[in-house]
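Chemist: I have a structure here, written as C-alpha cells, and I will follow up with some questions on it.
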Amino acid sequence: MTDQTPAEVTPDQVVNDLPSYFIPEKAGATSAAIQFDLTGENAGKRFIKIADGHATSGQGEVEAPNLTLIADSRDFVKIFTGGLDATAAFMSGKLKIKGDMGLAIKMQSMFRRP
C-alpha cells in the first residue's frame, strides 16, 4: 500500500468530516469518546464522540477518553484518507494507541473512507 495523502487535506478537515463518514449500523450501541493527540506540523488535540447512533467531532481535549490515538499529523491524515493502513501504521510505530484496543479495531469499520 502506498504511503500518500492529498497535500491539501489537513487534520482539522479530516476530524470535521468524520461524522459524515460515520456508519451508525456498524457502531451499534457503541458509546465512546476518542481523543486524537497529534504531533508534527499540525500538532494539537482533536476528538470524536460516538453516542446514540451519532458521531460529533471537535478541537481540543475530551474528558476521560475511551481511546487515545497518537500520531504525526501527516500520518493521521494518511490513515483516515486511505493512504496508510491503520494496522501497518500501528505495527511500524507511526500510530500509538492508549486505551480500548477493541474500540480501535472497531473504529475502522464504523467510518467509511472518503
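Read-outs throughout are calculated quantities, based only on the coordinates presented, and are distinct from any laboratory measurement. Keep in mind that what you see is a predicted model, and the values were worked out from it rather than measured. Virtual Cβ from ideal backbone geometry, glycine too; neighbours counted across all protein chains shown.
Chemist: What ranking do 69-82, 92-105, 37-50 get when scored by the average of other Cβ atoms within 10 Å per residue, highest first?
Modeler: Packing proxy ranking, top to bottom: 69-82, 37-50, 92-105.
Chemist: Right, next: So what's the net charge close to T10: Lys and Arg +1, Asp and Glu -1, counting the other residues with Cβ under 12 Å from its Cβ? Show your work: numbers first, answer last.
Modeler: Working: positive: R46, R74; negative: E8, D12, D17, E41.
Around T10, the surrounding residues sum to -2.
Chemist: Give a residue-ordered list of calculated ³J(HN,Hα) values for the stretch 11-25 (Karplus: 6.51 cos²θ - 1.76 cosθ + 1.60, θ = phi - 60°; whole Hz; x for Gly, Pro).
Modeler: Using θ = phi - 60°, the values come out as x, 4, 5, 4, 5, 4, 8, 3, x, 6, 9, 5, 10, x, 4 Hz.
Chemist: Something else about it: Explain nothing, just the number: relative contact order of the stretch 2-87, from Cα pairs under 8 Å at least 6 residues apart, as a whole percent.
Modeler: Reported relative contact order: 36 percent.
Chemist: Roughly how many nanometres apart are two label points built 7 Å out from the Cα toward the Cβ at S109 and T39?
Modeler: 3.2
Chemist: Still on this model: Kirkwood hydrodynamic radius, the chain, all distinct C-alpha pairs: what's the number in Å?
Modeler: 13.9
Chemist: Taking the alpha-carbon centroid of each part, what is the distance from the stretch 96-114 to the stretch 15-90 in angstrom?
Modeler: So the two Cα centres are separated by 8 Å.
Chemist: What list of ³J(HN,Hα) values in whole Hz, one per residue of the stretch 42-47 in order, does the Karplus curve 6.51 cos²θ - 1.76 cosθ + 1.60 (θ = phi - 60°) give from phi, with Gly and Pro shown as x?
Modeler: 10, 4, x, 10, 9, 8
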